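Enquirer: Take this structure, written in structure tokens, and hold onto it; I'll ask about it next.
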Amino acid sequence: MTSTSRRADRPGAVPMSLDAILHALRALAPEARLIGPPASGRTGVHGVTLDSGDVEPGDLFAGLPGTLRHGADHAEEAAAAGAVALLSDRTVGCLPTLVVDQPRRALGFLASRLYGDPSRALSVYGVTGTNGKTSTAHLLAAGLEAAGRRVGLAGSLETRVPGRARRPAVRTTAEAPVIQRLLAGTRQEGGTDAVLEVSSHALALSRVNGTRFRVAVFTNLSPDHLDLHGDLEHYYAAKASLFTPDRCAHAVVNIGDAHGRRLAAETRCPLTTFTSGPEPADWSACDIHADVGGTRFRLRGPGVDREVRLLLLGPHQADNMVAAAAALAAGGADVTAALRGMEHLASIPGRLERVDVGQGFLAFVDFAHNTGGQHRLLPFLRSLTSGRVIVVLGATGERDPAKRAALGDTAARDADLLIVTDESAHGEDPAMLRTAVANGARRSGQAEVHVEPDRRHAFSLAVSAARPGDVLVVAGRGADQEQTSTRGSRPFDDRVALHAALLQHAAAHHAREQPPRQALLGTSTPSTRDDGDPRPTVEDPA
Ligand SMILES: CC(=O)N[C@H]1[C@@H](OP(=O)(O)OP(=O)(O)OC[C@H]2O[C@@H](n3ccc(=O)[nH]c3=O)[C@H](O)[C@@H]2O)O[C@H](CO)[C@@H](O)[C@@H]1O[C@H](C)C(=O)N[C@@H](C)C(=O)N[C@H](CCC(=O)O)C(=O)O
Ligand SMILES: Nc1ncnc2c1ncn2[C@@H]1O[C@H](COP(=O)(O)OP(=O)(O)OP(=O)(O)O)[C@@H](O)[C@H]1O
């Protein structure tokens, strides 16, 4: 995910007067009232945003309480940019204000109204779960497109409105006004369907309020994001809140997962179940064979019993594919055509993406950033080699501290060599993050553990350590484009950096095999870096 302007394509909103907005608000929040300059009741509202930097003339500015500040403190800036009113739990002098107790909860519904209730004119598929949201969403989109549908998509990797340029994502699930604009844009461009990744943050922070889902998919649940939710029970409750009849018309749930079984028992929505395990379900993936060429399995569901050959790597992609197939069937799509589309999906950026310069061992970049992902990833990598599994990993700052040591511990149990390095520390001390991961890794005492703060050097070390037949994975950041710390952000794509490290290593190897040029010339060249460090230097590919 990258930081990019949120001044996304603005679809035409259905202008509403403040009186009409107040009326709509009262249906949700009876305490709603309009306070402010006398003329405010007749002011037309053309759009809505919660970011003062994103205000356009005619917007309603939602000034929300946040963790760092209160959005209402930015009301003057919003007014100067053309905001005509404020939605908040506070009043300000400069703008007429629609006051409600919980403006965040009201925002999604209002945004949906202003943009013409776009989710009701589309088939919207929502995917939630700790792991597999992006993969399932991309499989769904590929399937829908192959079935002749025009599809909008929003998730961790990108947002797509059919017929328009794709945009890098800011986060997994955008804030409510951005989602409603994306849905409205999709509808405006003749779209038929939209696929949304729905994070637990989005559910806890009401980002999908106002979105009506035709189908909601639950992939799995394992420990993550406990900094926000407090414990697994609240994390589950956030996920489960998507599967209520007022939100979704059909629930598609993985009963191969313990929390999925609970959800299947608890939801009051019409239900389709799926699994890659032995339990009887409406849809199942069985006889799964995953290797470096792809993933084969038998897919069984109502009217479907056939072999599937995915190009995507890893047995977990069978789970994601059966989830997508079940969802498409529940949504009424042409499943036969959709299956072919999913089989043609060559890769998903940063999800077990292979990096190959002919190096004689397998190298991948993956996005496993919690133990649930590691438990699926690492046994698969082990199955690919009789040599060693080498893992480069770290922990992201300002994210669930509870998972840091666990990431090291799990990796050390399933791998032979770990190189612990920096990810994006954001505002935290990177040394503290490395120590937490390395301590977790050393706790198990099973793998050799090295710590190398510099990410490029860490890649270099891992590549230098790999022997023919080994498997190397850089896990945790996937296709992220930036590495961020208190020193700022720098472009950093693991796939590009790993490719560079592999080439560097191959070149060094090649040079060792050749007669030394310096000897021929009768000169000598230092074999170490400028700084005296004996490790190889890796050029910055960015
Ligand atoms: C915990 C969380 O999700 N926080 C989100 C929340 O922050 P906040 O309420 O603390 O915001 P704040 O900085 O205190 O500001 C308060 C309000 O003032 C507004 N403001 C602020 C400054 C300004 O100049 N003008 C202005 O209008 C802000 O837009 C905000 O509405 O509202 C902000 C405004 O939209 C979000 O940017 C912010 O997301 C943060 C950056 C974030 O990264 N969240 C991550 C953890 C997240 O949402 N992750 C999930 C996926 C997790 C996963 O599955 O891996 C996601 O869906 O991406
Ligand atoms: N069905 C699954 N079960 C367990 N692990 C999975 C599954 N699908 C993917 N993974 C692992 O999780 C990682 C992230 O996958 P993906 O991006 O599809 O999930 P996500 O839920 O979108 O993650 P995020 O919310 O962090 O973006 C993958 O790289 C893989 O290691």
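Enquirer: If a paramagnetic tag sat 7 Å from the Cα of residue 487 along the Cα-Cβ line, which residues of region 410-452 would have the backbone N under 18 Å from that point?
Expert: 420-435, 451-452, by backbone N distance to the label point.
Enquirer: Using modelled amide H (1.01 Å from N, peptide plane; none on Pro or chain starts), what sits under 5 Å from the amide H of residue 86, excluding residues fewer than 5 places away?
Expert: Residues meeting the amide H criterion: 61, 97, 98.
Enquirer: Applying a 10 Å radius around every beta-carbon, put 131-144, 296-309 in order of their mean neighbour count, most first.
Expert: Values: 131-144: 26.9, 296-309: 14.9.
With the highest mean Cβ count within 10 Å placed first, the list reads 131-144, 296-309.
Enquirer: Based on the mean of other Cβ atoms within 10 Å per residue, sort peptides 332-338, 249-255 so the most packed one is first.
Expert: The densest-packed peptide leads the list: 249-255, 332-338.
Enquirer: Assuming 0.36 nm per residue, please report the length gained on full extension of the stretch residue 429 to residue 506 beyond their Cα-Cα distance.
Expert: 24.3 nm
Enquirer: For region 460-510, max minus min Cα coordinate along each principal axis, in Å, sorted largest first?
Expert: 37, 20, 16
Enquirer: For a quick check: sort 492, 213 by the number of other beta carbons within 10 angstrom, fewest at the front.
Expert: 492, 213
Enquirer: How big is the dipole moment of the chain about its Cα centre under a simple scheme where the beta carbon of each Lys and Arg is +1, that of each Asp and Glu is -1, and everything else is neutral? Debye, nearest 20, please.
Expert: Details: 59 positive and 61 negative charges, 197 e Å.
It works out to roughly 940 debye.
Enquirer: While we're on this one: At 0.36 nm per residue, and after removing the present C-alpha to C-alpha distance, how many nm does the segment from residue 386 to residue 232 gain when stretched out fully?
Expert: Length gained between residue 386 and residue 232: 51.8 nm.
Enquirer: Out of residues 5 or more away from residue 195 or on other chains, whose amide H comes under 5 Å of its own, with H placed 1.01 Å from N in the peptide plane?
Expert: Hits under the 5 Å cutoff: 125, 152, 153, 154.
Enquirer: Report P(r) for region 200-272: all Cα-Cα distances, bin width 10 Å, range 0 to the bin holding the largest distance, values in whole percent.
Expert: 21, 53, 25, 0
Enquirer: Contour minus end-to-end for residue 354 and residue 496, with contour as 0.36 nm per residue of separation and end-to-end as the Cα-Cα distance?
Expert: Extra length available between residue 354 and residue 496 comes to 50.0 nm.
Enquirer: Using the number of other C-beta atoms within 10 angstrom as an exposure proxy, rank 248, 269, 94 with the fewest first.
Expert: Fewest to most other Cβ atoms nearby, the residues stand as 94, 269, 248.
Enquirer: Label region 402-478 by shape, choosing from rounded, prolate and oblate, from the square roots a ≥ b ≥ c of the eigenvalues of the Cα gyration tensor; if a/c is under 1.5 it is rounded, and otherwise prolate applies when a/b is larger than b/c, oblate when it is not.
Expert: Taking the square roots of the gyration eigenvalues as a ≥ b ≥ c, region 402-478 is oblate.
Enquirer: With each run of n ≥ 4 DSSP H residues scored as -39500 (n - 2.57), what mean residue ellipticity at 222 nm is computed for the chain after dividing by its residue count and rounding to the nearest 500 deg cm²/dmol?
Expert: One gets -10000 deg cm²/dmol as the mean residue ellipticity at 222 nm.
Enquirer: What are the residues whose amide H is under 5 Å from the amide H of residue 253, where those residues sit 5 or more places off or on another chain and H is modelled from the backbone?
Expert: Placed amide hydrogens put 218, 272, 273, 274 under 5 Å from residue 253.
Enquirer: Based on the alpha carbon coordinates of the chain, what radius of gyration and maximum Cα-Cα distance (Dmax) apply, in Å?
Expert: In order Rg, Dmax, the Cα atoms of the chain give 25.3, 89 Å.
Enquirer: Fewest to most neighbouring Cβ within 10 Å: what's the order for 426, 510, 457? Mind showing how you got there, number by number?
Expert: Values: 426 15, 510 9, 457 19.
So the residues, fewest neighbours to most, are 510, 426, 457.
Enquirer: Compare the peptides 77-85, 286-294, 61-69 by average per-residue count of other Cβ atoms within 10 angstrom and give them in order, highest first. Walk me through the intermediate numbers first.
Expert: Values: 77-85: 20.1, 286-294: 14.4, 61-69: 16.7.
In decreasing order of mean packing, 77-85, 286-294, 61-69 become 77-85, 61-69, 286-294.
Enquirer: Could you tell me the distance between the Cα centroids of region 229-289 and region 322-378, to the nearest Å?
Expert: Taking the Cα centre of each part, region 229-289 and region 322-378 sit 20 Å apart.
Only the coordinates and a few stated rules stand behind these numbers; no lab work does. The structure presented is a predicted model; accordingly, all values stated were derived computationally and were not measured. No Cβ is skipped: glycine too gets one built from the backbone with ideal geometry, and neighbour counts run over all protein chains shown.
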